[in-house]
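Enquirer: One structure, as structure tokens, below. Some questions next.
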Amino acid sequence: MSPTKSERHLRHRVFEVDFLRGFDIFLMVLLHGCCAFEAIGPGLVIVPPGNANLPWVQKSVDFASSVFATIDYGNLWILEFFFSSLFMFLCGISCSFSHNNYERGVKLGFVALAMTLLLEFGDYAFHLDVHIYLGILHSLAIGILLYTLIDHFFPSYWVDYGIGIVFAIADIITVYFVYKGGDFIGMPTADLPREWYKLVIGSARYGDDYFSPINTCAFLFLGATVGKTLYKNKESVLPAEMPTKWAAPILWCGSNSLLLYVFHMPFFYLLLALILLPFGYHLAL
């Protein structure tokens with residue numbers, strides 16, 4: 001009896017790659033869930049009755065905001081950097097497995113552009129004050145398309161490794177000169193459109209969720225190197241008898257990472273609104 005399409009698909013999955021990607025996305029969702037609380041307050045997306053939040057809501061907002069601030073740009077910012085870099089690295093491993101990277105890159109680019117436009121509309125209609133012009137989806141789309149082009153002509157893992165090292169050195173040099181003697185979090189802001197190139201090389205940011213394409217490409221190409229060497233047979237390096245059913249929820253997150261990224265924040269806003277509306281809160285329209 002020949003295996004079904006889903007069975008053949010599962011046989012070519014690498015458990016540890018899927019699990020780490022899913023765990024990465026799960027942590028991102030939790031962190032952004034804390035960020036969603038910052039939309040509650042006078043003049044924001046979810047407006048309290050009167051001039052102040054109810055005491056128990058304010059305590060929740062303060063706690064969630066402090067967690068987000070500590071990890072996103074506070075003392076624990078290295079955690080966000082590590083896990084976002086890990087996601088790019090895992091994307092590189094996945095690229096080494098795939099034969100349709102061009103389609104993936106174009107699809108990701110269109111989704112990223114659509115998200116930018118929707119957020120601009122959301123800011124206009126609901127005063128979200130969230131603007132993503134070169135976020136992780138944009139940066140990954142650029143990296144995947146560049147990898148697709150280079151891999152078409154130079155499929156050797158040595159080429160991927162060399163390019164990854166070049167991008168990594170360029171990223172380190174940029175960080176050194178930009179943040180020398182200063183705060184790593186205090187990235188200067190580019191004056192668009194005149195200084196658009198600063199966004200590309202990572203010496204300045206503009207908007208939210210900014211990711212340097214140079215930094216992204218470094219981890220993506222190094223991930224592709226690991227994919228073509230350690231996972232050249234597209235098989236897990238873990239023991240075959242290792243149980244995996246316990247990880248099904250995390251694996252689902254990894255398999256639906258794009259879906260979760262696009263819709264998790266609207267879900268949190270909607271959930272908070274549904275919880276708070278009975279207490280006199282309303283949406284800023």
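Enquirer: Applying the Karplus parametrisation 6.51 cos²θ - 1.76 cosθ + 1.60 with θ = phi - 60° to the phi angles of the range 189-203, what ³J(HN,Hα) value in whole Hz is obtained for each residue in order, glycine and proline being reported as x?
Expert: 9, 6, 9, 7, x, 4, 10, 4, 5, 5, 5, 5, 8, x, 8
Enquirer: Follow-up. Reachable aspartates and glutamates from Lys59, Cα under 18 Å, same-chain residues fewer than 8 places away excluded?
Expert: Glu38
Enquirer: With charges only on Cβ, +1 for K and R and -1 for D and E, what is the dipole size of the chain about its Cα centre, in debye, rounded to 20?
Expert: Using Cβ point charges on Lys, Arg, Asp and Glu, the chain gives about 740 debye.
Enquirer: In cubic angstrom, how much convex hull volume per residue do the alpha carbon atoms of the chain span?
Expert: Values: hull volume 49.0 nm³, N = 285.
Cα-based convex hull of the chain, divided per residue, equals 172 Å³.
Enquirer: Let me ask something else. What do you reckon, how do Tyr210, Tyr124, Tyr176, Tyr269 stack up by accessible area (1.4 Å probe), largest on top?
Expert: Listed by decreasing accessible area, they come as Tyr124, Tyr176, Tyr269, Tyr210.
Enquirer: Oh, and also: Return the long-range amide H neighbours of Leu283 (sequence gap of 5 or more, or a different chain), with a cut-off of under 5 Å between placed amide H atoms.
Expert: Val47
Enquirer: Taking the solvent-accessible surface of protein heavy atoms with a 1.4 Å probe, what is the per residue accessible area of the chain in Å²?
Expert: In whole numbers, the chain has 57 Å² accessible per residue.
Enquirer: Oh, and also: So how much slack lies between Leu277 and Phe153, counting 0.36 nm per residue of separation and subtracting their Cα-Cα distance, in nm?
Expert: Length gained, Leu277 through Phe153: 38.9 nm.
Enquirer: Which one, Met242, Met88, Met28, has the greatest fluctuation when you compute a Gaussian network model over the chain with C-alpha springs under 10 angstrom?
Expert: Taking springs between Cα atoms under 10 Å, the residue moving most is Met242.
Enquirer: Using only Cα atoms, locate the centre of the range 253-285 and the centre of the range 124-159, then give the distance between them in Å, rounded to an integer.
Expert: After rounding, the separation between the Cα centres reads 26 Å.
Enquirer: What residue among Leu238, Leu270, Leu118 has the largest mean-square fluctuation in a Gaussian network model of the chain, using Cα springs under 10 Å?
Expert: Leu238
Enquirer: If you count only protein heavy atoms and use a 1.4 Å probe, how large is the accessible surface of Arg205, to the nearest 10 Å²?
Expert: Accessible area of Arg205: about 80 Å².
Enquirer: In whole Hz, with x marking every Gly and Pro, tabulate ³J(HN,Hα) for the range 30-44 from phi via Karplus 6.51 cos²θ - 1.76 cosθ + 1.60, θ = phi - 60°.
Expert: With coefficients 6.51, -1.76 and 1.60, one gets 4, 5, 6, x, 5, 4, 4, 5, 6, 8, 9, x, x, x, 9 Hz.
Enquirer: Using Cα positions and a limit of under 14 Å, work out the aspartates and glutamates in reach of Lys245, with same-chain residues fewer than 8 apart set aside.
Expert: By straight Cα distance, Lys245 reaches Glu16, Asp18.
Enquirer: To continue, here is another question. Report the local net charge at Leu260: Lys and Arg +1, Asp and Glu -1, summed over other residues whose C-beta lies under 15 Å from its C-beta. Don't jump to the answer; show the numbers that get you there.
Expert: Values: positive: Arg21; negative: Asp18, Asp24, Asp209.
In short, -2.
Enquirer: Once fully extended, how much extra length lies between Arg13 and Glu241, figured as 0.36 nm per residue of separation less the alpha-carbon to alpha-carbon distance?
Expert: Taking Arg13 through Glu241 to full extension adds about 80.6 nm, to one decimal.
Enquirer: Could you tell me what percent of the accessible area of the range 84-126 is made up of carbon and sulfur, with a 1.4 Å probe and every protein chain present?
Expert: Exposed carbon and sulfur together represent 73 percent of the surface.
Enquirer: Another question about this same structure. Running a GNM on the chain with Cα contacts under 10 Å, which residue among Thr229, Thr116, Thr216 ends up with the highest mean-square fluctuation?
Expert: Thr229
Enquirer: Here is a further query. At a threshold of 8 angstrom on Cα-Cα distance, excluding pairs fewer than six apart, so keeping six or more, what relative contact order does the chain reach in percent?
Expert: Value for the chain: 32 percent.
Enquirer: For a quick check: with amide H placed at 1.01 Å from N, whose amide H comes under 5 Å from Ile132's, ignoring anything fewer than 5 positions away on the same chain?
Expert: Amide H neighbours of Ile132: Asp208.
Enquirer: Rounded to whole Hz and in sequence order, give me ³J(HN,Hα) for the range 135-148 from the Karplus expression 6.51 cos²θ - 1.76 cosθ + 1.60, θ = phi - 60°, writing x for Gly and Pro.
Expert: My calculation for the range 135-148 gives x, 5, 5, 4, 5, 5, 4, 4, x, 5, 5, 5, 4, 4 Hz in order.
Enquirer: Between 0 and 90 degrees, rounded to the nearest ten: what's the tilt of helix 77-97 against the longest Cα principal axis of the chain?
Expert: 40
Enquirer: Something else about it: Working from Cα positions, state the angle (0 to 90°, nearest 10) between the long axis of helix 257-276 and the longest principal axis of the chain.
Expert: Tilt of helix 257-276: around 20 degrees.
Enquirer: Another question about this same structure. Given Cα pairs under 8 Å that are at least 6 residues apart, what percent is the relative contact order of the range 94-152?
Expert: Reported relative contact order: 46 percent.
The values are calculated or read from the model by the stated rules, or taken from the named source; none is laboratory data. Predicted, not measured: the structure shown is a model, and the values here were computed from it. Counting neighbours? That spans all protein chains shown, and the Cβs are built from the backbone with ideal geometry, glycine included. We work out accessible area using only protein heavy atoms, side chains counted, and drop any ligands, DNA or RNA first. Shrake-Rupley method; radii C 1.70, N 1.55, O 1.52, S 1.80 Å.
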